[in-house]
Structures are given as C-alpha cells and as structure tokens.
Amino acid sequence: MKYWDFDTIYRQAPASEPERQYYFIEKTREILQDKFNDDVISGEARKRYGKEKLDELLAKKQIGTFMIRTFGCQMNARDSEKLCGILQQAGLAASEEETADFVLYNTCTVRDNANQKVYGHLGYLQTLKKKNPWMTIALCGCMMQEPAVVQRIQKSYRFVDLIFGTHNIFKLAELLFRCLAEKNTIVDIWESTDQVVEDLPAERKYPFKSGVNIMYGCNNFCSYCIVPYVRGRERSRKPEEILSEIRRLASDGVKEVMLLGQNVNSYGKNLSEPVTFAELLRQVNEVEGIERIRFMTSHPKDLSEDLILAMKNLPKICRHLHLPLQSGSSRILKIMNRQYTKEQYLELVAQIRQAVPDISLTTDIIVGFPGETEADFEETLDVVRKVRYDSAFTFIYSKRTGTPASVMDNQVPEALVKERFERLLKEVQQISSQVCGRDTGTVQEVLVECENDHQDGYVSGRLSNNLLVHFPGSASLIGSLVPVELTESKGFYYMGRMADKS
Ligand code: 5AD
Ligand code: SF4
C-alpha cells in the first residue's frame, strides 16, 4: 500500500454533517481501492473471492465485499438499508458472510433471546475470522447501547474490530475509515443525541416499497421495556424533510411507504412548530405516485379521534392497524405504565372498527409480566376473544436490566409462564385462522412483491390489510397494484386469480 497521511485526512475532514460522511465515504473508498489493487497484483484477491467473483468485482469496479445481518424490528431493517447504502457507495459489493471482507451485525436487545442470538452468531464469526483473518467485524445497534454488553464483547470477543451504537449509525463511513487506518479496535457509543442526520445514501431492499423514519426514540418508559434507554428520547423529523424524502422515493418508483417510529401517534409534539401525526398523514396522502401508506407502531394512549378520521377518509392509508395491547388486565397495564385500561382499549377498538369496518387489527402481547395472576391472564384472553385480532405477536416477558420491572417482586415461575403462553398462542391462532378468511370471494388490490418460490408461474403480493396472496402471474407484474379475486383462504394467506380492472 502507498503511504497514507492520516493526520492530514482527519484535519481536512469537513465539520458539518452529512458532508463529513460523504468525505469519509470517499476516503474509505480510496484506502480500500489501494488495498484491493495490492491484493489483485499479489494474487491474494483471486484466492479470497474465487475467479468468478473477482471478475465480477472488477467488471463492476467494486473493491471488496460486505454482509449485514439485521436482528429485530423494522427500524433496524431501515437502519440496515442506510448502512448498506453507505458501504455500496464506498465501493463494496454485497456478499455471503463466509466471503465478506466486512461483516456488520445490526443488533437488537428488546428481549434476552435477541441478545443470545447475537452471541451465538458471534461464535460462528470467530471461527470464520480464524480462517479469514483479513475480515473486519463490526457490531452496532441497540445491544451496543448497554455498557455491560460492550464490556463483555471487549473481554470475551476480542476479534470484534468496531463497535458503535444507535445514535451514530450515520457515522459508519468515518468509523470504518478509522478502523482501516488505525488497525485498532474502535468503540464509539453515544449516550444520547439530539442530532438527526439526513440525506445519506440508502439501498432499498425493494424497489417498490420503503420504510421512512418519521421519528426516533421513545418517551414512554413502559416498565418492562429497554427501548427508551437504548434509543433515547423522542425526536421527530420535520414534515418538510419527511415529505421531500417520500417525493423522492415516489419519483424513484416507490408505491408504498411505511412510516416508522416507536410511537408514531405522538409524532410532531416536540417540533418547534408542532404537527400532529394525522396532519402528517394528510400531507403524505397528497404525494403523487404513492399509492399506499402504512405506519408502525401506534400506542393506544396517543391514538386520537383525528387519526381515526384520517384512517377513515384518506384512501391511501392501508386497512391495517398494529395496536399493541401488552396485557388485558387493567391492574397489570397500570404497573406496566401503559396509561390505558382494558375498557379504554376496547372502547378505542370499537371506535376504530366503527369508522373503518374492514380494518385488520394486529397486536403485541406479553405473558408473565411480574405479578401476573391467573385472573390477570384471563383478562388478556378475554380481550383477545373480544377483539379477534388478525394476528398477534406473543412474547414471554423478558427481564431487561435497568428497567423498573426487572427489580419487581413476584417474577412469575417459568413453567407457569410457558403454560399460559401456549394457551394464549392457541387462542390467537384459532381466532386468526377464522378471521383471516373473511374476504374470500371478493376482489382486492394486491401490490405484487415477488415470484412465488414454491410454484412456477405464480407471483405473491400483499393486500391492503397486509395478508399475502399467491396467484398465477408473471414477473413483469412485480411492483404493480393489480386487482385479484381471492378464491381460497389458507388461514394466514390467500390463493387468488387476477380479475378484470373495473
Ligand atoms: N419482554 C417481553 N416482550 C417485550 N417487548 C418489549 N419489551 C419486552 C420485554 N422486556 C415486546 C412488546 C413490544 C414488542 C416490540 O416487544 O410487546 O410491543
Ligand atoms: Fe417500549 Fe413502551 Fe416505548 Fe413501545 S411505547 S418502545 S413498549 S417503552
């Protein structure tokens, strides 16, 4: 490699964002190019990638490979698209984990099993790195915001080269550059931020649909939840910025947007000129080219009448609402700090159903919160039977260090929690298999997403209510909205056939 004057490179870096990151994307590209050229000449590159892959890299002027593994929620999935965009801009090509020069895990810590999955994969990465010592391994995301995790990684997983958190993911290029330049483990975790850095590259997984962050963080402090500690306080993006991103996506062929936030219903409260979520939806609904709008996640306590009206009146809003219940017991809801009762939740559902009768409702439920009695659990089952959700994500309560619930007495014995969990799951599945078939025989619009893996000549797409439909069709339909007659319900999905446009 040639001589690199790193001091000058750092000194000349712009101070403001996102210019600074664009500068480091370019510098990362230069340093990777230098290394790649050496490896091509020495024959190392051919050994590493194989002839075919190397020819492909050379033809596409790419200078190495990367792999991002994403754990957790849709926010993380969207963050990974941004991370991916930065790496591609720096000249790297997506590849398998086994052959990647740069492996990045975007982690989740909402429940302990999310952490365990990361540790499990790290064990595998360690064996890979022994074989491929040139690999750079990085960890980012929610788990890294926990000091105990970072300590454990620094002590027991010393092969990890780079660790950063949730608040500075926009800095990937700069951190990767430092990693390559300093050849040292780099750890950069911010405790909090009020910065929202926009306008960096992002690589979308689908050309026709995209997530759009409208806010970051959460102020609710539900007593079981670690999210406010690892994602920080609520920060809303300005409506102009969201709308210009959505207009850009539309002009790029995107038809469906998913507005993302931990609690979208409190969107806009902390802006210098406050805007409600319902108002934002009305503005998004005006964007030409966007045909479907989804959003996630709604907190029942902040779901306004105005939002219900917006869902009723705005034609582009999808017929689906994810409305986490967590527990059906008002007593437990109070200790969870959810700020609504069972009765208020049911009343809200009634109002929504009255305004939008064909809406599909889904939810999250936690079983085994500290102190949950059989009577409390029965209340949860009662809500499930009354609301009749299209589907429900059911979770076993997981103790998260630092949350108020983790030090509460009366942790429920594991065997009892498992037994309740099974009962709940059975109830939820039975109801959803009945509910999900309700549109059989009707014609509905489907946004076609992909060719069907299992049946040649079939494509798969989603209804407004988010259910999957498989029907005969060709790949040329991918990305378009087509009318489909739902001929048969298979419980959690439909079979159909294309109908005439009318
Ligand atoms: N234990 C179990 N489930 C949890 N969730 C959040 N924190 C915990 C926890 N400590 C669930 C909630 C939330 C979803 C994203 O994860 O149901 O809505
Ligand atoms: Fe966690 Fe509650 Fe915030 Fe959702 S609303 S992220 S459950 S604290």
Q) To the nearest 10 degrees, how steep is helix 414-435 against the longest Cα principal axis of the chain, on a 0 to 90 scale? A) 70
Q. With the dipole of the chain worked out from charges on the C-beta (+1 for Lys and Arg, -1 for Asp and Glu) around the Cα centre, which of Ile317, Phe71, Ser329 lies farthest toward the positive end?
A. Phe71
Q: Compute the acute angle (0 to 90°) between the alpha-carbon long axis of helix 239-251 and the principal axis of greatest extent of the alpha-carbon atoms of the chain; round to the nearest 10°.
A: 80
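Please compute the per residue accessible area over the chain with all protein chains in place, 1.4 Å probe, rounded to a whole number of Å².
With the other protein chains kept in place, the chain gives 45 Å² per residue.
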Q. 222 nm [θ] for the chain, helices only, -39500 (n - 2.57) per DSSP H run of 4+, per residue, to 500?
A. -12000 deg cm²/dmol
Q: First compute the accessible area of the stretch 363-407 with a 1.4 Å probe, then give the percent of it belonging to carbon and sulfur atoms.
A: 57
Q. Cross-link list Lys269/Lys334; Lys35/Lys60; Lys386/Lys426: which exceed 22 angstrom alpha carbon to alpha carbon?
A. Lys269/Lys334
**Q.** Neighbour cut-off at most 11 other Cβ (10 Å), DSSP loop, trypsin sites (Lys or Arg not before Pro), the stretch 117-214
**A.** Arg158, Lys183
Q: Given a cut-off of 24 Å, name the pairs among Lys27/Lys51; Lys205/Lys316; Lys27/Lys82 whose C-alpha atoms lie farther apart than that in the structure shown.
A: Lys27/Lys51
Q: Determine the distance separating the Cα centre of the stretch 40-64 from the Cα centre of the stretch 400-416; give it in Å without decimals.
A: 52
Q.
Could you give each residue of the stretch 59-73 its phi-based ³J(HN,Hα) in whole Hz, using Karplus coefficients 6.51, -1.76, 1.60 with θ = phi - 60°, and x for Gly or Pro?
A. 4, 8, 6, 9, 10, x, 10, 9, 9, 10, 10, 10, 10, x, 8
Q. Rounded to a whole number, what % of the accessible area of the stretch 428-502 do carbon and sulfur atoms account for, probe 1.4 Å?
A. 46
Q | Accessible-area composition of the stretch 66-125, carbon plus sulfur, in percent [1.4 Å probe] | A | 51
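Quote the charge dipole size of the stretch 240-338 about the Cα centre in Debye, to the nearest 20; the model charges only the Cβ of Lys and Arg (+1) and of Asp and Glu (-1).
Details: 14 positive and 13 negative charges, 133 e Å.
With only Lys, Arg, Asp and Glu charged at Cβ, the dipole is about 640 debye.
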Q. Mean 1/r over all different Cα pairs, inverted: what Kirkwood radius does the stretch 131-290 give, in Å?
A. 17.8
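Relative contact order for the stretch 10-109: what percent, with Cα pairs under 8 Å and sequence separation of 6 or more?
The value is 30 percent.
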**Q.** For the chain, alpha-carbon Rg and Dmax in angstrom
**A.** 24.3, 72
(Q) With a cap of 12 neighbouring Cβ atoms within 10 Å, and only residues DSSP puts in a loop, list the GluC sites (Glu not before Pro) found in the stretch 94-183. (A) Glu96
Q. Compactness ratio of the stretch 361-502: Cα Rg over 2.2 N^0.38 Å, N = residue count?
A. 1.38
Q) Separation of the stretch 76-137 and the stretch 303-357 by C-alpha centroid, Å? A) 37
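How big, on average over all directions, is the shadow cast by the Cα convex hull of the stretch 127-181, in nm²?
The directionally averaged projection comes out at 4.1 nm².
Taking loop as defined by DSSP and a crowding limit of 10 other beta carbons within 10 Å, which GluC sites (Glu not before Pro) in the stretch 372-474 fit?
Of the GluC sites (Glu not before Pro), not one in the loops of the stretch 372-474 has a Cβ with at most 10 other Cβ atoms within 10 Å.
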Q | Spatially proximal aspartates and glutamates relative to Lys117 (Cα-Cα < 17 Å; intrachain offsets below 8 disregarded) | A | Glu97, Glu146
Q. What do the square roots of 5 times the Cα gyration tensor eigenvalues come to for the stretch 16-83, in whole Å, largest first, as semi-axes of the equivalent ellipsoid?
A. 28, 18, 9
Q | Contact order normalised by residue count of the chain, Cα under 8 Å, 6+ apart, percent | A | 9
Q. For the chain, with only Lys/Arg (+1) and Asp/Glu (-1) charged at the beta-carbon, what is the dipole magnitude about the Cα centre, in debye rounded to 20?
A. 680
Q. Considering only DSSP beta bridges with both partners in the stretch 334-475, what is the antiparallel share in %, to the nearest 5?
A. 60
Q | Amide H contacts under 5 Å for Met215, placed H, 5+ residues apart | A | Arg237, Leu260
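The values are calculated or read from the model by the stated rules, or taken from the named source; none is laboratory data. Only a predicted model underlies this, so the values are computations on that prediction, with no experimental measurement involved. Heads up, the Cβs are rebuilt from the backbone with ideal geometry, glycines too, and the neighbour counts pull from every protein chain shown. For the accessible areas, the whole protein counts, side chains as well, though only heavy atoms, and no ligand, DNA or RNA atoms are used. Shrake-Rupley method; radii C 1.70, N 1.55, O 1.52, S 1.80 Å.
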